[in-house]
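These notes are about the structure you will find just below.
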Amino acid sequence: MSVSSASSNQSSNSSTARTVDAVIVGAGFAGLYMLHRLREQGLTAQIFEAGSGAGGTWFWNRYPGARVDVESMQYSYQFSEELQQEWQWSERYAPQAELLEYLNHVVERFGLAPDIQFNTRVESAVFDDSSKTWQVSTDQGDQVNAKYCIMATGCLSKANKPDIAGMDSFNGPTYHTGEWPHEEVDFSGMRVGIIGTGSSAIQAIPEIARQAEHLTVFQRTPNFSVPARNKPLDPEEVKNVKQNYGALREAGQQQFGAFDADSNTKAAAEMSPEEIKAELNKRWQMGGLNFFGVFVDFLVTQETNDIVADFVREKIAERVNDPETAALLAPNTVFGCKRICADTDYFETYNRDNVTLVDISKTAISAITPEGLKVGDGSSEDKAYAFDALVFATGFDAMTGSLNKIDIRGCDGQTLKEKWAAGPLTYLGLCSAGFPNLFTISGPGSPSVFTNMVTSIEQHVEYIGDIIAYMTDNKLATIEASNEAETQWVAHVNEVASYTLLNSCNSWYLGANIPGKKRVFMPYAGGFPPYVAKCNEVAAKGYEGFTLT
Ligand code: NA7
């Protein structure tokens, strides 16, 4: 199968073209397991990673307070029983540093380093029709030919840096939460401005507020957040989970979000007012994204959603002392329309004397200035704010951003970016017609961001691994999604989203946070179990919907 060795040294960037079975782009949860899986299958593979280390999302998002919002015991690989038994998580929701440690341990444990080239950004991947291979080029001068090209580039990897006048004019340091520096940032004694109130900001704000002399938060849209109730893990609890890990994993896989949240299987209309109240209070006490399990219909029935949203709004009012600030912090959108956040002391942070909330929902930031920023309509009346440091917690060009950054060309030179100009077109979120042997792990059209990402990644990696094994066994050259299957799948993804309340706000699920991006619902909102059932059915029918040559 392999033509030549995939081995490459981390520090040496070869300029000689070489051939491997598969090129994998990205060394996060997805890329690392894909590499391990392909090597287990006897294939050669090469990871290219732009960062100087492994970790993907957890390599880049080092902002203060960064931690996962799915419980660590579930937000972890399950492909290796030994790994899940030996690894010790310290907290219910692992902080970024521990997740990075875990992923570096995975690199070491499975000996992955020789096949990962860091500090290397893939610039282009071009399909050569005559040799039926992908020709991959990097910014370090690498040229690699590979039968398969696997994009493990992450759903939230391309930072969104808003196009505000004078962006580069600020005299002090600026930071983006998704590209946080490695060295410690000390805000002590500083006046800090932070733009954005999404999940990253909600985690960072309490931490920055504890350090800074003053923190000013610029909020365009408030977000719903529930208390994370993070805590050190109880060794007895861990022991119990480990004794029955398989059962927990199995239970997780039966859930919409691919993690076990002891979900309520009833719709709110099937419950009495007392039962509803009890369920809401129970979920509030459980904390974190277990809140997703509150009522089975909260994302499809407006009345149910209103019950949940009202409950959380009341909690915000209780948590914030100043009624005016509390009112500004209370979202008037559908609960869960934007991803629900899990926080530690977020709303309480606004009770501090050194924190100010500025509502920019009606008057935008008109300019970044050498001293700070201005809010208004661009006239001389604009209100100026002075800072020593500025933080952009402005999110990501989600789902497609990291793919569109690479010049991906399929059959007849068509670029993926052109093909996806009116929204991503995929079959199962895995493949796109016209791009043979190209796979996207947790790509648009798959459950991805609605689920425990690690479990969804594992399902994709194993599915891709099985496809490749099938290709090898049957001596096949290419696999490609058919136009018909792709069209039907995209229609299905849209149809499923249309049954929900998820289209009702300007979320990154819809690309609505990026000016000019086509408003299309990108992730598959049907849940993990039906998606897996569909994938398995496709495989059982000899990869129905794919063209194999
Ligand atoms: P999000 O959730 O996309 O949040 C970005 C925030 O930045 C959000 O409050 C935006 O307001 C705000 N934003 C973006 N552009 C601007 C401009 N130009 N002016 C003012 N405010 C702006 O990103 P996160 O990094 O917090 O979280 C991403 C995901 O990571 C999260 O959902 C979890 O899955 C993990 P808006 O809401 O667009 O009005």
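Could you give the Stokes-Einstein D for the stretch 242-320 in µm² per second, using the C-alpha Kirkwood radius, 4 °C, 1.567 mPa s? Mind showing how you got there, number by number?
Details: Rh = 13.5 Å.
Answer from the Stokes-Einstein relation: 96 µm²/s.
Quick one: the Cα spread of the chain along its three principal axes, in angstroms, biggest first?
69, 58, 46
Taking amide H atoms as placed 1.01 Å from N in the peptide plane, list the residues 5 or more away in sequence, or in a different chain, whose amide H sits under 5 Å from that of Arg67.
Correct list: Gln96.
Where only protein heavy atoms count, and the probe is 1.4 Å, what is the accessible area per residue for the stretch 242-320 in Å²? Intermediate results must be reported in sequence, preceding the final value.
On the way: 3760 Å² over 79 residues.
So the stretch 242-320 comes to 48 Å² accessible per residue, rounded to a whole number.
How big is the stretch 163-265 on each of its three principal axes, counting only the C-alpha atoms and giving the largest first in Å?
Projected onto its principal axes, the Cα set of the stretch 163-265 covers 55, 29, 22 Å.
Using a 1.4 Å probe on the protein heavy atoms, what percent of the accessible area of the chain belongs to carbon and sulfur? Please report the intermediate quantities before stating the final value.
Working: 10580 of 22010 Å².
Answer for the chain is 48 percent, counting heavy atoms of protein chains only.
Does anyone have the angle between helix 453-473 and the longest principal axis of the chain? Alpha-carbon axes, 0 to 90°, nearest 10?
Helix 453-473 and the main axis of the chain meet at about 10 degrees.
Per-residue HN-Hα couplings for the stretch 46-62, Karplus 6.51 cos²θ - 1.76 cosθ + 1.60 at θ = phi - 60°, whole Hz, x for Gly and Pro?
Result, rounded to whole Hz: 10, 8, 10, 9, 5, x, 8, x, 6, x, x, 3, 7, 7, 8, 8, 9.
For Cα pairs less than 8 Å apart in space and 6+ apart in sequence, what is the mean separation divided by the residue count of the chain, i.e. the relative contact order in percent?
Numbers: 1152 pairs, mean separation 101.5, N = 549.
Over the chain, the number comes to 18 percent.
Of Phe127, Phe311, Tyr245, which is farthest towards the positive pole of the chain's charge dipole, taken about the Cα centre with +1 and -1 on the beta-carbons of Lys, Arg and Asp, Glu respectively?
In the chain, that residue is Phe127.
For the stretch 242-320, what relative contact order do you get, as a whole percent, if you take Cα pairs closer than 8 Å and at least 6 residues apart? Before the final figure, lay out each step's value.
Numbers: 61 pairs, mean separation 21.1, N = 79.
It comes to 27 percent, rounded to a whole number.
Subtract the Cα-Cα distance of Glu40 and Glu544 from 0.36 nm times their separation in residues, and report this length gain in nm to one decimal.
Values: separation 504, 0.36 × 504 = 181.44 nm, distance 2.59 nm.
The Glu40-Glu544 span can extend by a further 178.8 nm.
Show the residues, 5+ positions off or on another chain, whose built amide H is closer than 5 Å to the amide H of Gly445.
Here Tyr524 satisfy the definition.
Rounded to the nearest 10 degrees, what's the angle between the helix 302-319 long axis and the longest principal axis of the chain, both from Cα atoms, 0 to 90?
60 degrees
Give, rounded to the nearest 20 debye, the magnitude of the charge dipole that the stretch 242-320 has about its Cα centre when Lys and Arg contribute +1 at Cβ and Asp and Glu contribute -1 at Cβ. Spell out each step's value before the answer.
On the way: 9 positive and 13 negative charges, 85 e Å.
Here the stretch 242-320 has a charge dipole of around 400 debye.
Please list, or write none, the lysines whose alpha carbon is within less than 28 Å of the alpha carbon of Lys517, excluding same-chain residues fewer than 8 places away.
Lys158, Lys161, Lys338, Lys362, Lys374, Lys405, Lys417, Lys419
May I ask for the angle, rounded to the nearest 10°, between helix 528-540 and the longest principal axis of the chain, with both axes built from Cα atoms and the value confined to 0 to 90°?
Compared with the principal axis, the helix lies near 10 degrees.
Based on Cβ point charges of +1 for Lys and Arg and -1 for Asp and Glu, what charge dipole magnitude is obtained for the chain about its Cα centre, in debye rounded to the nearest 20? Intermediate values should be presented prior to the final figure.
Working: 43 positive and 68 negative charges, 143 e Å.
Magnitude of the dipole: close to 680 debye.
The values are calculated or read from the model by the stated rules, or taken from the named source; none is laboratory data. Every value quoted in this text rests on a predicted model; they were computed, and no experiment measured them. FYI the Cβ positions are ideal-geometry reconstructions off the backbone, even for glycines, and counts take in every protein chain you see. Areas reflect the complete protein model, heavy atoms only, side chains present, ligands, DNA and RNA absent. Shrake-Rupley method; radii C 1.70, N 1.55, O 1.52, S 1.80 Å.
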